[in-house]
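Some notes on the structure that comes next.
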Amino acid sequence: MRKSSTDMTKGNVARQLLLFALPILLGQIFQNLYNSVDAIVVGRGVGKTALAAVSASADITHLIVGFFTGLSTGAGILFARSFGAKDYKKLHDAIHTSVTFSVILGVVMAAVGLVLTPLLLKLVACPDDVFREADAYLRIYFVGILFTAIYNIGAGVLRSVGDSRNPFIYLVIASVVNVIADLVLVVLLKMGVRGAAIATVVSQLLSVVLVFRRLIRAEDVYKLKIRDLKIDRKLLLEILDLGIPAAIQASLIAISNMFVSRYINSFGSDAMAGIGAAKKIDRFVGMVAMSVGQALATFIGQNFGANRLDRAFRSIRVSILFNLVYILALGSVIFSFAGFFVRIFTTDENAIRYGVDMIHIMMPFYFMQSLNQIFANAVRGFGKSRVVMLCSIFGMIGCRQIFLAITMSIKRSVTFVYLGFPFGWMMAALLVMIYFYFAIYRKYHAEAREAAALHKDDPDR
């Protein structure tokens, strides 16, 4: 049997973790690039109102994507633990159950989304001058939700068995196709925001074709067999127990962002366009924590399944150091040249001012977001997904909304909207770090020392 999976329960921890995280990070970069291309092409090729329409839809699309990403993260932890424990029968059944369920759920959510589009835009207080274009963009985007659901599970399967390279390649291909389709549909054919949405759906469909072609053709323990697609109720409950808390967490954070968007949208289309551009830029800093976090959850899942707790704890220290170096390097560049980066998206000076101010205020706090992502995914890797959900709901949703309600009632200033983001990161990070120390580190550190002593002669450990 030709193996394409990777056993991360042995070998150098830092090298394995970073090599596994790198394709995920590069994939995030390309995904963010083709999402940014939508905004750049629309903002410069159509106008400020069109850019505001795409920005108004962003938090809604993040709600859906976040849900499926969270669900696939939880499922991926089960895949990784089964793979690490060499329980290949459970791995096979869990994969086929997840794929079947994602198809059903994707169809349902696409249908519901199409019906609820106007209501969702009203929830974010989308202005009248932007509403028509935002409605058109979002309805087309919902058509591709099925592809988003299926791709996330398929990519989660590959990553759980140590293959982060192929999902990266597929994202690169999809990104290139998206850029080309954007230029053709928006610039040449003058289809406006509809063209940008169609380009996104086409690229999503292509990514699904590529990832499932890989799963079906694989000669390894994760091979997908169409005839075996069915739902195992017991495994589905286990998958949902791990995945639904992560999915709910991502969705609730997106919903919270939608209510934050109400504050942003109340400042008008200039603020919507400028802050929308700043959000695209700030994702390039935040995505390293997301990427390393995803890798960390899989790494810990495999090692926890194999009882290599020493490697699991060491991977957390490596992740913190890597994130600190990255944030200092890239964050300082974006902070220093914020005006240049925002101008890539729009030439409107008022919009640029909003975007630059947001970057300057938020950038110094990014290490708190990094700590939250690292420890949240570490806790998930140990199988405690519900706790992460509760910490995130209280910190990033509850505390942030309370902060905004109090500060905006004292003085209506967009600065408080900017500060609300890092305030939520800080509160969520503190909560999940406290839980990690008392409920996981103190419980398992003795076993981790025993595992380290048992493998002390292994030069890579």
Would you check which residues across region 422-438 are farther than 30 Å from A448 by Cβ and buried (at least 22 other Cβ atoms within 10 Å of the Cβ) and list them? G424
Could you tell me whether region 258-269 includes any residue that is among the β-branched types (V, I, T), buried (at least 24 other Cβ atoms within 10 Å of the Cβ), assigned to a helix (DSSP H, G or I) and in contact (Cβ under 8 Å) with a residue 60 or more places away in the chain? yes
Which residue pairs have Cβ atoms closer than 8 Å, lie 6 or more positions apart in sequence or on different chains, and pair a first residue in region 117-142 that is on the phi > 0 side of the Ramachandran plot with a second residue that is assigned to a helix (DSSP H, G or I)? A125/S261; A125/R262; A125/N265
Just one listed residue, out of S385, S413, S409, is within 20 Å of the chain's Cα centre (by Cα) and polar (S, T, N, Q), and it is S385
Residue in region 128-147 that is touching a Cys at 6+ places or on another chain (Cβ under 7 Å) and either part of a helix (DSSP H, G or I) or closer than 30 Å to G84 by Cβ (or both) present: yes
Looking at the structure I just gave you, is L205 within 20 Å of the chain's Cα centre (by Cα) and farther than 30 Å from K384 by Cβ? yes
Condition met for I281 (surrounded by fewer than 24 Cβ atoms within 10 Å (Cβ to Cβ), part of a helix (DSSP H, G or I) and not acidic (D, E)): yes
Considering only residues of region 327-367 that are in contact with a Leu (Cβ under 9 Å, 6 or more places away or on another chain) and assigned to a helix (DSSP H, G or I), which is surrounded by the most Cβ atoms within 10 Å (Cβ to Cβ)? A351
Would you say V187 is over 19 Å from S291 (Cβ atoms) and either assigned to a helix (DSSP H, G or I) or at pLDDT 85 or above (or both)? yes
Answer from V161, V193 - the residue that is touching an Asp or Glu at 6+ places or on another chain (Cβ under 8 Å), crowded, with 19+ Cβ neighbours inside 10 Å, of a type outside the set (G, A, S) and under 22 Å from A52 (Cα atoms): V193
Residues (of a type in the set (A, V, I, L, M, F, W, C) and in a helix (DSSP H, G or I)) located in region 148-166: A149, I150, I153, A155, V157, L158
Restricting the search to region 210-231, which residues are part of a helix (DSSP H, G or I) and touching a residue at least 40 places away in the same chain (Cβ under 8 Å)? L210, V211, F212, R214, L215, D228
Within region 381-397, does at least one residue satisfy the condition of being at pLDDT below 95, closer than 23 Å to A278 by Cα, among the β-branched types (V, I, T) and part of a helix (DSSP H, G or I)? yes
Name the one entry in T117, T100 that is in a helix (DSSP H, G or I), within 23 Å of A155 (Cα to Cα) and polar (S, T, N, Q). T100
Search result, residues across region 70-90 that are surrounded by fewer than 24 Cβ atoms within 10 Å (Cβ to Cβ) and either assigned to a helix (DSSP H, G or I) or not hydrophobic (A, V, I, L, M, F, W, C) (or both): K86, D87, Y88, K89, K90
Among (1) in a helix (DSSP H, G or I); (2) over 18 Å from the mean Cα position of the chain (by Cα); (3) surrounded by 20 or more Cβ atoms within 10 Å (Cβ to Cβ); (4) not basic (K, R), the one test that N323 misses: (2)
Single unsatisfied condition, E447 versus (1) over 23 Å from D270 (Cβ atoms); (2) without any contact (Cβ under 8 Å) to a residue 12 or more places away in the chain; (3) of a type outside the set (G, A, S): (2)
S164 vs. criteria within 21 Å of the chain's Cα centre (by Cα), modelled with pLDDT under 85 and among the polar types (S, T, N, Q): yes
Check Q401 against each of (1) closer than 23 Å to G70 by Cα; (2) under 21 Å from the mean Cα position of the chain (by Cα); (3) not hydrophobic (A, V, I, L, M, F, W, C) and name the one condition it does not meet. (2)
State whether one or more residues within region 384-392 are in contact with an Asp or Glu (Cβ under 9 Å, 6 or more places away or on another chain) and either surrounded by 24 or more Cβ atoms within 10 Å (Cβ to Cβ) or within 27 Å of A295 (Cβ to Cβ) (or both). yes
Given the options F337, F345, name the one that is hydrophobic (A, V, I, L, M, F, W, C), without any contact (Cβ under 8 Å) to a residue 12 or more places away in the chain and under 25 Å from V54 (Cα atoms). F337
Looking at (1) closer than 20 Å to F168 by Cβ; (2) in a loop (DSSP other than H, G, I, E, B), which one does S207 not meet, given that it meets all the others? (2)
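The values are calculated or read from the model by the stated rules, or taken from the named source; none is laboratory data. Please read these numbers as outputs of a predicted model, since none were measured by experiment. Here Cβ is always computed from backbone atoms with ideal geometry, including for glycine, and neighbour counts include all displayed protein chains.
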